Amino acid sequence: MDKPKVVLGVSGGIAAYKACELLRRLTESGHDVRVVPTASALHFVGAATWSALSGNPVSTEVWDAVHEVPHVRIGQHADLVVVAPATADMLAKAAHGLADDLLTNTLLTARCPVVFAPAMHTEMWEHPATQENVATLRRRGAVVIEPAVGRLTGVDTGKGRLPDPAEIFEICRRVLARGVREPDLAGRHVVVSAGGTREPLDPVRFLGNRSSGKQGYALARTAAARGARVTLVAANTHLPDPAGVDVVPVGTAVQMREAVLKAAADADAVVMAAAVADFRPSEYAAGKIKKKDGQEPEPLVLVRNPDILAEISADRARAGQVIVGFAAETDDVLANGRAKLARKGCDLLVVNEVGERKTFGSEENEAVVLGADGSETPVPYGPKEALAETVWDLVADRMS
Ligand SMILES: Cc1cc2nc3c(=O)[nH]c(=O)nc-3n(C[C@H](O)[C@H](O)[C@H](O)COP(=O)(O)O)c2cc1C
């Protein structure tokens, strides 16, 4: 089988060097990558680097190898075009259909999915011109990844940083796997919760659970690759921030409730994949609870935590908002799942059987997605991202 053909456009931002890492990940995972830098990009990383790392010729202009008509052919033959970093200038040119170098010509001739990973100073990103260009590109079907917040060129920090190349690669992989030009969650805001809450007993101890957050992160990555604006409310996870996703870290169930309610106010869908503790200690000891000679410890008194899934399902922030819950069951999985779906009042419930091969922290999952409409969608044992794709398929059906 031919290798999937990827065009890696590189425009002239300081983050151009990070595209070398993206290029390496793409080539090592079996893609044929043609790097098309702009003339400005070559001020940051030279043509020799792009050519040696990709194994393909590199040109910035339409006037090289004219007999091959590269200004048309490169775009026509591509399975994916990813521009990383995308400068403010490149976003403007792409939005307005300019074609004054090889990359801008390629963007006009490509019929495949296109991903832009913008990187620039916060002022440039927030400028209405840039924001309107981004909106235009998204409306036309491109996936424009929100920049990360962090250190920028020089001493500045803020929004505008290129997301981690490993995470841009994850978006590219998923966009390529879906192979559709129109991202079906474009223009949607989705909220995902992930991880496991921790309920502190004292400054050093907590009641927690073994949720790793991997399923929630797979849901967030997948939604971003399908064009959604994603807020990920993450409880005690130790995973890299997915590209283009706004991550809100929380610790306890009460903090998670607050963050989810806030984000859900304008959300089209909320997927509660986090393991939220049902109970918390009734009291928090400000100092470490000490052993006392000859005495048994005081019994632990617990109180109920808020039921976030039931609350947001009963009191939807927006008409038509789709709400998805997760349930881990050990026996009578479907009957218990159906009862929980009815009790919580959500639209979909992803029921996992917890047991052998289906443990917390693994890369795989197997589940049945129950619908309030009586539907039942089994998802066979496989990567968590496959389950995530099925969840978004079902959510997208209900949103439309
Ligand atoms: C040191 C330096 C760093 C720059 N970094 C960025 C950047 O991160 N993002 C951006 O949009 N422009 C950046 N620019 C400005 C662009 O290089 C400039 O707009 C150029 O015209 C972009 O050309 P291109 O879009 O064809 O690559 C930078 C310029 C310099 C000199």
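FYI, it's all coordinate maths here, none of it is from the lab. Remember, predicted model here, so these are calculated numbers, not experimental data. So basically every Cβ, Gly included, is an ideal-geometry build from the backbone, and we count neighbours across all protein chains shown.
Pick out which of TRP125, TRP50, TRP63 has the largest mean-square fluctuation in a Gaussian network model of the chain, springs linking Cα atoms closer than 10 Å.
TRP63
If R₀ is 56 angstrom, what is the calculated FRET efficiency for the pair LYS290 and VAL149, using the beta carbon separation as r and rounding to 0.05?
Result of the calculation: an efficiency of 0.85.
What FRET efficiency, computed as 1/(1 + (r/R0)^6) with R0 = 45 Å and r the Cβ-Cβ distance, is obtained for ALA314 and LYS3, rounded to the nearest 0.05?
It comes out at approximately 0.35.
How many percent of Cα pairs in region 115-218 exceed 17 Å?
Roughly 67 percent, rounded to a whole number.
May I ask for the distance between the Cα centers of region 86-121 and region 1-57, given as a whole number of Å?
Cα centres, region 86-121 to region 1-57: 15 Å.
Report the one residue of MET124, ALA52, ILE171 whose Cα lies farthest in the direction of the positive end of the charge dipole of the chain (charges on C-beta: Lys and Arg +1, Asp and Glu -1; origin at the Cα centre).
Farthest towards the positive pole: MET124.
Give me Rg over Rh for the chain, both radii from the alpha carbons and Rh done the Kirkwood way, two decimal places.
Value, to two decimals: 1.04.
Report, for the chain, the % of DSSP beta bridges that are antiparallel, rounded to 5.
Roughly 30 percent of the DSSP beta bridges within the chain come out antiparallel.
Shape verdict for region 5-178, please, from the Cα gyration tensor: rounded (a/c under 1.5), prolate (a/b greater than b/c) or oblate.
rounded
Need the C-alpha centroid separation for region 124-194 versus region 242-301, integer Å.
About 30 Å separates the Cα centre of region 124-194 from the one of region 242-301.
What nm value, rounded to one decimal, do you get for the distance between ASP397 and SER51 when each label is placed 7 Å out toward the C-beta?
So the label points at ASP397 and SER51 sit 5.2 nm apart.
Would you mind getting me the FRET efficiency between LYS262 and ALA342? Use the beta-carbon distance for r and R0 = 22 Å, nearest 0.05.
Efficiency for this residue pair is about 0.20.
Eigenvalues of the Cα gyration tensor times 5, then square-rooted: what semi-axes does that give for region 189-399, in whole angstrom, largest first?
30, 19, 17
Looking at region 205-263, which trypsin sites (Lys or Arg not before Pro) are DSSP coil and have at most 14 other C-beta atoms within 10 Å of their C-beta?
ARG210
Filter the trypsin sites (Lys or Arg not before Pro) in region 305-345 down to the DSSP loop ones having no more than 16 other Cβ atoms within 10 Å, then list what survives.
ARG316, ARG318
Rounded to the nearest 500 deg cm²/dmol, what is the calculated helix-only ellipticity per residue at 222 nm for the chain, with -39500 (n - 2.57) per DSSP H run of length n ≥ 4?
Helices in the chain give a 222 nm mean residue ellipticity of -10000 deg cm²/dmol.
Relative to the Cα centre, what is the charge dipole magnitude of region 157-291, using +1 at the beta carbon of each Lys and Arg, -1 at the beta carbon of each Asp and Glu, and rounding to the nearest 20 debye?
Charge dipole, region 157-291, about its Cα centre: 340 debye, nearest 20.
Could you give the size of the charge dipole of the chain about its Cα centre, using +1 on the Cβ of each K and R and -1 on the Cβ of each D and E, expressed in debye and rounded to the nearest 20?
260
Please report the antiparallel percentage of the DSSP beta bridges confined to region 189-399, to the nearest 5.
So the antiparallel bridges amount to about 40 percent of the total.
Report, in debye and to the nearest 20, how large the dipole of region 189-399 comes out about its Cα centre when Lys and Arg carry +1 and Asp and Glu carry -1 on their Cβ.
560
GluC sites (Glu not before Pro), restricted to region 267-375: which are DSSP loop and have at most 10 other Cβ atoms within 10 Å?
GLU356
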